[in-house]
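To start, the structure itself, in structure tokens.
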């Protein structure tokens, strides 16, 4: 969906170990999915929202990351990570869970729709000098 070299470069910054260490130190929650042969196959990160494009409420949390290796998609791993993140968000008192997803990622959009997320807004982002658009989605947790 995105240029390979550009996404690798982007991930070297946006997914650097220092980013995660800083977020966890600041109170974010993360889960590493089951491990096969010593390698992680998926993870999720829940944190305070950083979405200036939409009105964020005091009782919102953002699912910043939820990923599963492609060969493990469709088998319930994403649902398990989502359920865990929602449970933790509720435990922290959140009333709404927000997330951003690439607007052309139809599989992810369908997954989030099945999980009860609805459109809240849009944001633009740049990878490798090209502009893309994310959908910002929300789901009530009450």
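The values are calculated or read from the model by the stated rules, or taken from the named source; none is laboratory data. All values reported here derive from a predicted model rather than from experimental measurement. Reconstructed Cβ throughout: ideal geometry from the backbone, glycine too, with neighbour counts over all protein chains shown.
For segment 9-19, the count of residues that are at negative phi and touching a helix residue (DSSP H, G or I) at 6+ places or on another chain (Cβ under 7 Å) is zero. Evaluated against (1) modelled with pLDDT of 90 or more; (2) over 20 Å from residue 21 (Cα atoms); (3) touching a strand residue (DSSP E or B) at 6+ places or on another chain (Cβ under 6 Å), residue 88 falls short on exactly one condition, (2).
The set of residues in segment 67-79 that are assigned to a helix (DSSP H, G or I), surrounded by fewer than 16 Cβ atoms within 10 Å (Cβ to Cβ) and within 15 Å of the chain's Cα centre (by Cα) contains only 79. Of the listed requirements (1) under 16 Å from the mean Cα position of the chain (by Cα); (2) assigned to a helix (DSSP H, G or I); (3) touching a residue at least 60 places away in the same chain (Cβ under 8 Å), residue 5 misses just one: (1). Among the residues of this structure, residue 130 counts as one that is within 23 Å of residue 9 (Cβ to Cβ), surrounded by fewer than 13 Cβ atoms within 10 Å (Cβ to Cβ), over 15 Å from the mean Cα position of the chain (by Cα) and touching a residue at least 40 places away in the same chain (Cβ under 8 Å). Can you tell me which residues in segment 108-142 are in a helix (DSSP H, G or I) and either within 20 Å of residue 45 (Cβ to Cβ) or touching a strand residue (DSSP E or B) at 6+ places or on another chain (Cβ under 7 Å) (or both)? Selection gives 108, 109, 111, 112.
Among the residues of segment 80-106, just one is more than 15 Å from residue 61 (Cβ to Cβ) and loosely packed, with under 13 Cβ neighbours inside 10 Å, namely 106. Number of residues in segment 27-51 that are part of a loop (DSSP other than H, G, I, E, B), free of Cβ contacts under 8 Å to residues at least 60 places away in the same chain and closer than 26 Å to residue 120 by Cα equals 5.
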